[in-house]
Amino acid sequence: MSHSLNEIEAHAKRAARGAGLSWGMAEEAARATRWLASHNLEGPALFSKVLAQNDGLPHEQVAPVSLDGEWHAPEGDLCPLAVGTALNDCADKLADDASVNAADVSYPLLVLPFAAWAAIHLNQPVQLRYRSVRIDTDGDGIWVDDPQDEINVSKTAKLTCQLSTDRNDTAKRPSQRGAVASEVWARLDAFAQRTYAPATEASRLLGAGAGLSDNE
């Protein structure tokens with residue numbers, strides 16, 4: 001089903017808040033989901049899976065222990081959203097031809113929008129690599145090399161982000177709408193529903209119009 005990018009971002013943000021993400025993280029996650037959807041990538045679907053996987057876990061458990069050396073979680077897998085926000089905080093490291101390396105990252109494609117924003121910040125293309133996947137971005141367009149169809153993998157043992165070089169071939173540019181399968185939209189909606197307060201007797205009566213009193 002086709003949705004406007006604003007719809008996708010708003011729905012993803014509600015889902016993120018329903019899953020317990022902070023306001024700041026929810027905004028970043030929703031913006032990343034929108035960015036991927038604009039490039040016809042599986043951002044909404046992968047985002048819904050990350051929310052399910054990390055449901056109930058504290059942020060500290062899925063975020064890098066340290067930003068020195070190879071990033072890793074205290075135990076288990078790193079959340080790609082935590083990796084992405086940390087990458088943006090450390091974007092200037094890339095300017096010194098240093099790479100950012102992370103271990104055991106779930107749904108690594110979700111790191112790509114943050115790499116794109118790092119490219120904008122540095123005014124130079126950035127490359128994201130995991131498994132057999134290599135994606136270059138100048139912040140707006142993307143160049144995808146995915147010979148083994150691994151772009152949507154649920155986990156990678158190693159993820160690397162580093163500066164790239166300018167590409168002469170045509171980039172894939174974003175569109176104004178994104179496609180989201182109905183079952184993916186429903187999964188996000190299940191999280192979004194948690195943000196709605198349960199109906200009280202008073203609110204039900206107000207919604208019913210005259211309520212229990214009818215003086216006519």
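The values are calculated or read from the model by the stated rules, or taken from the named source; none is laboratory data. In this text the structure is predicted, and so the values were computed from the model without any measurement. Every residue, glycine as well, gets a Cβ built from its backbone with ideal geometry; the counts of neighbours run over all protein chains shown. Accessible surface areas use protein heavy atoms only, side chains included; no ligands, DNA or RNA. Shrake-Rupley method; radii C 1.70, N 1.55, O 1.52, S 1.80 Å.
With respect to the chain, whose longest principal axis is taken over its alpha-carbon atoms, helix 23-38 is tilted by about 70°.
A straight Cα-to-Cα reach below 13 Å connects K172 with the aspartates and glutamates D136, D138, D140, D145, residues fewer than 8 places away in its own chain not being considered. For the chain, the carbon plus sulfur part of the accessible surface works out to 47%, probe radius 1.4 Å. Working note: 222 nm ellipticity from helices only, DSSP H runs with n ≥ 4, each -39,500 (n - 2.57), summed and divided by the residues of the chain, gives -12000 deg cm²/dmol to the nearest 500.
Taking the average, over residues, of other Cβ atoms within 10 Å as the packing measure, peptides 81-88, 131-138, 111-118 rank 111-118, 81-88, 131-138 from highest down.
Going by average Cβ density within 10 Å per residue, which order do the peptides 53-62, 100-109 take, highest to lowest?
Going from most to least packed, we get 100-109, 53-62.
Per residue, how much accessible area does the chain show when a 1.4 Å probe rolls over the protein heavy atoms, in square angstrom? Walk me through the intermediate numbers first.
Working: 10940 Å² over 216 residues.
Computed with neighbouring chains in place, this is 51 Å² per residue.
Over the C-alpha atoms of segment 57-110, the Rg to Rh ratio, Rh being the Kirkwood estimate, stands at 0.95. Which of the lysines could be linked to K158 by a straight reach, that is with a Cα gap under 16 Å, when you skip same-chain ones fewer than 8 residues away? Cross-link targets: none qualify. Cα centroids of segment 33-48 and segment 112-134: 16 Å apart. Once the Cβ-Cβ distance of A179 and D97 is raised to the sixth power relative to R0 = 35 Å, the FRET efficiency obtained is 0.40. Go ahead and collect, in residue order, the members of segment 118-141 whose backbone nitrogen is under 17 Å from a label point 7 Å along the Cα-Cβ direction of C90. Output list for this probe position: 118-119, 122, 126-130.
The chain: percent of C-alpha pairs farther apart than 26 Å? All intermediate terms of the calculation are to be shown ahead of the outcome.
On the way: 8762 of 23220 pairs.
More than 26 Å apart: 38 percent of the Cα pairs in the chain.
State log₁₀ I(q)/I(0) for segment 1-102 at q = 0.10, 0.17, 0.19 Å⁻¹ as given by the Debye formula over alpha-carbon point scatterers of equal weight, solvent excluded. Reported log10 I(q)/I(0), two decimals: -0.29, -0.80, -0.96. Here the spin labels are modelled as points 7 Å beyond Cα on the Cα-Cβ line, and at D55 and D149 they lie 2.9 nm apart.
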